[in-house]
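Here, each number is a calculation from the coordinates, and none is a lab measurement. What you see is a predicted model, and the numbers here were worked out from it, not measured in a lab. Cβ placement follows ideal geometry from the backbone for every residue including glycine, while neighbour counts extend to all protein chains displayed.
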Amino acid sequence: MKIIRTNSENQDFINLVKKLDAYLKITDGDEHDFYNQFNNIDVLKHVVLVYLDGIPVGCGAIKKMDESAAEVKRMFVSSDKRGKGIAQKILTELEVWAKELNYKKCVLETGKRQVEAVSFYHKCKYKVIPNYGQYAVMENSICFEKEL
């Protein structure tokens, strides 16, 4: 397993995000267009990729939310590679990077219908917080934070 830091111009990241968006279009249903407007990758300067045998299988990113918080974005692991600890490695690397950038916490939003993601963030010691920003009025959203 190889983990690299890059940015949103990386073609492997772009390809993984296309798979993520296809998955989210199904799980988000009618709300997909609302959520999708907040997922532009061109603003992401801090991207983590995981490779298995030279093949990109997972990604995640952070972006500045405010002076003290980095927002975790675009977390994804290919469906046939799940359950191998890849997401944990991505999230840990993002948290380390956020600390290096002097953030005090990571925050994120996921959908309540993404049961595996909700369970994963609980397992990673993220705590549920009130929905923030554009997600405040979304019943399907659940927001988390973790002090670094």
Distance-filtered residues of the range 124-144 - backbone nitrogen under 16 Å, label point 7 angstrom along GLN88 Cα→Cβ:
124-126
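At a Förster distance of 25 Å, what's the computed FRET efficiency of ASN7 paired with SER119, Cβ-Cβ distance as r, to 0.05? Each step should come with its number before you reach the end.
On the way: r = 29 Å, r/R0 = 1.17.
That gives a FRET efficiency of 0.30.
Going highest first, how would you order 129-135, 16-22 by mean Cβ packing within 10 Å? Don't jump to the answer; show the numbers that get you there.
Numbers: 129-135: 14.0, 16-22: 15.9.
Averaged packing, sorted descending, gives the order 16-22, 129-135.
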Residue separation times 0.36 nm, minus the C-alpha to C-alpha distance between TYR23 and VAL96: what's the value?
23.5 nm
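Past 20 Å, Cα to Cα: identify those pairs from LYS89/LYS123; LYS63/LYS89; LYS84/LYS112, in the order given.
LYS84/LYS112
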For the chain, take N as its residue count and report Rg(C-alpha) divided by 2.2 N^0.38 Å.
0.97
Max mean-square fluctuation residue, GNM over the chain, Cα-Cα springs under 10 Å, options GLY60, GLY111, GLY83:
GLY83
Given a Förster radius of 22 Å and the C-beta distance between GLU67 and GLU147 as r, what FRET efficiency does 1/(1 + (r/R0)^6) yield to the nearest 0.05?
0.90
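Provide the net charge surrounding VAL57, with neighbours chosen by a C-beta distance below 15 Å and charges set as Lys +1, Arg +1, Asp -1, Glu -1.
Numbers: positive: LYS2, LYS18, LYS19, ARG74, LYS81, ARG82, LYS84, LYS89; negative: ASP12, ASP53, ASP80, GLU93.
Combined, the nearby Lys, Arg, Asp and Glu give +4.
Between ASP80 and ASP42, what length comes free when the chain is fully extended (0.36 nm per residue of separation minus the Cα-Cα distance, one decimal in nm)?
Working: separation 38, 0.36 × 38 = 13.68 nm, distance 2.70 nm.
Separation in residues times 0.36 nm, less the Cα-Cα distance, equals 11.0 nm.
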Answer rounded, prolate or oblate for the range 40-105, using the Cα gyration tensor with square roots of eigenvalues a ≥ b ≥ c: rounded when a/c is under 1.5, else prolate when a/b is larger than b/c, else oblate.
prolate
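Note down the relative contact order for the chain as a percent, whole number, built from C-alpha pairs under 8 angstrom at least six residues apart. Please list the in-between numbers first.
Numbers: 238 pairs, mean separation 28.9, N = 148.
The normalised contact order for the chain reaches 20 percent.
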Helix-only [θ]222 nm of the chain, DSSP H runs n ≥ 4, -39500 (n - 2.57) each, per residue, nearest 500:
-10000 deg cm²/dmol
